[in-house]
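Okay, so here's the structure we're looking at.
None of the figures in this text is laboratory data; all of them are computed from the coordinates on show. Computed from a predicted structure; not experimentally measured.
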Amino acid sequence: MANFYKNAFYDPTVTTAVTTYTCPSNANAIIQNVQVTNESGSKVVKTHVTDSSASTSFVVAYASVTGPTICNLAKGPLILEDNDSIALETSDTSGISATLSILEISREDQNG
């Protein structure tokens, strides 16, 4: 088993949900932060998690963000299992971005 610390970045070009990270089939992942930066104006931001084993998506965070500000949409860790994914959606693509802080836990032996 090996642990990998990763970031995933969200810089939207559309106002629909965009998959930002998908957990590999040989791992689990802990999403510690979903840090959103809004440079100006008021925007709605949603975080969706797709449970691949159930083929179902859930809105796990929803915020109305008025900028300039930074906020964390993950009020606690989000756990992803193999092939689960996390997506972000915003009401406006201008002046908004996000960073996800991820701990990926591989089930494969690091030595091969």
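Key figures for this structure:
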read-out: Contact order normalised by residue count of the chain, Cα under 8 Å, 6+ apart, percent; value: 48
read-out: Radius of gyration and Dmax over the Cα atoms of the stretch 2-106, both given in Å; value: 13.4, 42
